[in-house]
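Shown next, in structure tokens, is the structure this report addresses.
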Amino acid sequence: MGRKEDLESHIRESYELVRQSEAIVRETDRPKERKRAEREIDEQWGLIRGYLDEYIPLCKRLQVSIANDLVDIVARFPKYADRHITVTALPTGQTLATAQPPHDLRLLPSHLYLESGTAPGGHVLSRERDGQDVLYLPACGKVSQPFLIDKYLVTNAQYAAFLNATEVRAQTYIILENNVRVVTTLDGQTLAADARSYWEVRRQRGAAWGLTFESDVWEPLPDSAQLPVTLVTALGASWYAAWANKFAFSSWGAEGQGLPTEGQWITVALWDYAARRLRAFPWGDVWDRSRLNSVAYWAGREFVQADREYEIWLKNVPPTHRPRPTPVGDFPAGASPSGMMDAFGNVWEWLADRDPADKGRQMIIGGACTSPQSVFRTATPIYRQSTFLSEVIGFRCCRQVD
């Protein structure tokens, strides 16, 4: 075995010890055992760093590739991200760039950052805590700094894991408000609502989707796990973003933290990198109702405006056939150039922006399964009270890259 292969073996062994120790940290309730595991993690990463100091120059000198299964380990260290080392896990001609993900993200070997100048649709990472695919966007369109944004809307299954997390339960209450069960912060601010009790109050059980609290556990209603989470306030969205990004609880802020701004959302949803302009719709400049979950999808016909005809149809359609969210990513033909799914339709999305005239109101954008064509032709955001709970408002997370 040559020195290169010997180093690769050492790196793999140390990384396996890191993974075993990380599992202990996640699962143990014994402080001493957790401390030992944390020390082991630090020690093994130190060894890996030393191995890489010898391994990377060796790769360059021999003009060979980094081993495929070590790509995501190498990518954690900015100084080793050398453009002259070909990464065989990537398609021919693409190399490992210098960009680094934040500590809570891991690079997927088949979707690494590409050379600068390539379309950001190829920049896909995965968030460790909830498994969400995250897109990297450089400064372009309506933004002057790079940022990270979720490829998909946050789902009911992901939000249930958040509400069931020990650290979240310690900071929340479950109370009854207007006959609807809601989860609140310790100081009484609403985060989300129980969908079953919400739909019972509305007497629309046949149309129910969302999360419910049963047997001391939050769980999705039947067939709701992969639907976008709804019945969440702006603060409930921000708390999830802080939790998913592993921020310390002391930094969990008010409504808007961890959500995209209007400029960021418009850029990832509509910016055409080849033409260097905003598109009319994520998929292009021609309206196509088959590419999104809007009211036309359910009605089998077009409604241009929310006019009387639209209202009559919505009023008379049976509850089981009313427009409702669909699983995230179900309309891949409607993806944006950056790879963002469900940018238009399915559910509205909370943004970070506040109403300048009323700070209690927060921006939503994107339209929903109940929206007519006119909503999507302008992509105009609207404002709702940040405490508003709606069955057609969800969110995705976003964070600026420093």
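The values are calculated or read from the model by the stated rules, or taken from the named source; none is laboratory data. Please read all numbers here as calculations on a predicted model, not as lab measurements. Cβ placement follows ideal geometry from the backbone for every residue including glycine, while neighbour counts extend to all protein chains displayed.
Let me confirm something: among Thr378, Thr326, which residue is at pLDDT below 90 and among the hydroxyl-bearing types (Ser, Thr, Tyr)?
Thr378
Which condition breaks for Val180 when tested against (1) farther than 15 Å from Glu391 by Cβ; (2) surrounded by fewer than 23 Cβ atoms within 10 Å (Cβ to Cβ); (3) in contact with a Phe, Trp or Tyr (Cβ under 7 Å, 6 or more places away or on another chain)?
Here Val180 meets the rest and fails (1).
Go through the residues of segment 132-139 one by one and say whether even a single one is closer than 19 Å to Met340 by Cβ, modelled with pLDDT under 80 and assigned to a loop (DSSP other than H, G, I, E, B).
The answer is yes, given that some residue of segment 132-139 is closer than 19 Å to Met340 by Cβ, modelled with pLDDT under 80 and assigned to a loop (DSSP other than H, G, I, E, B).
Only residues in segment 9-33 that are without any contact (Cβ under 8 Å) to a residue 40 or more places away in the chain and under 13 Å from Glu43 (Cβ atoms) count as the first member; pair them with residues that are in a helix (DSSP H, G or I) and not aliphatic (A, V, I, L, M), Cβ under 7 angstrom, at least 6 apart or cross-chain, and list the lot.
Listed by first residue and then by second, the contacts come to Ser14/Gln44; Leu17/Glu40; Leu17/Gln44; Val18/Gln44; Val18/Trp45; Ser21/Glu40.
Exactly one of (1) buried (at least 16 other Cβ atoms within 10 Å of the Cβ); (2) over 23 Å from Arg129 (Cα atoms); (3) at pLDDT below 90 is unmet by Val18. Its number?
(2)
Report, by residue number, each residue of segment 355-402 that is assigned to a strand (DSSP E or B) and either of a type in the set (Gly, Ala, Ser) or under 30 Å from Glu128 (Cα atoms) (or both).
If the condition is that a residue be assigned to a strand (DSSP E or B) and either of a type in the set (Gly, Ala, Ser) or under 30 Å from Glu128 (Cα atoms) (or both), then Gly360, Gln362, Met363, Ile364, Ile365, Ile393, Gly394, Cys398, Arg399, Gln400 are the ones that fit.
Among the candidates Val268, Val286, Val304, single out the residue that is over 24 Å from Ser338 (Cα atoms) and either touching a residue at least 24 places away in the same chain (Cβ under 8 Å) or assigned to a loop (DSSP other than H, G, I, E, B) (or both).
Val304
Within segment 229-251, which residues are farther than 18 Å from Asp187 by Cβ, surrounded by fewer than 22 Cβ atoms within 10 Å (Cβ to Cβ) and touching a helix residue (DSSP H, G or I) at 6+ places or on another chain (Cβ under 9 Å)?
Phe247, Ala248
When the residues of segment 341-360 are filtered to those that are touching a Ser or Thr at 6+ places or on another chain (Cβ under 7 Å) and over 17 Å from Gly263 (Cα atoms), which remaining residue is surrounded by the most Cβ atoms within 10 Å (Cβ to Cβ)?
The qualifying residue surrounded by the most Cβ atoms within 10 Å (Cβ to Cβ) is Asn346.
Restricting attention to segment 139-169, report how many residues are farther than 30 Å from Thr212 by Cβ and either crowded, with 19+ Cβ neighbours inside 10 Å or in contact (Cβ under 8 Å) with a residue 40 or more places away in the chain (or both).
8
Among Asn178, Asn245, which is the only one that is out of contact with any strand residue (DSSP E or B) (no Cβ under 9 Å at 6 or more places or on another chain) and of a type in the set (S, T, N, Q)?
Asn178
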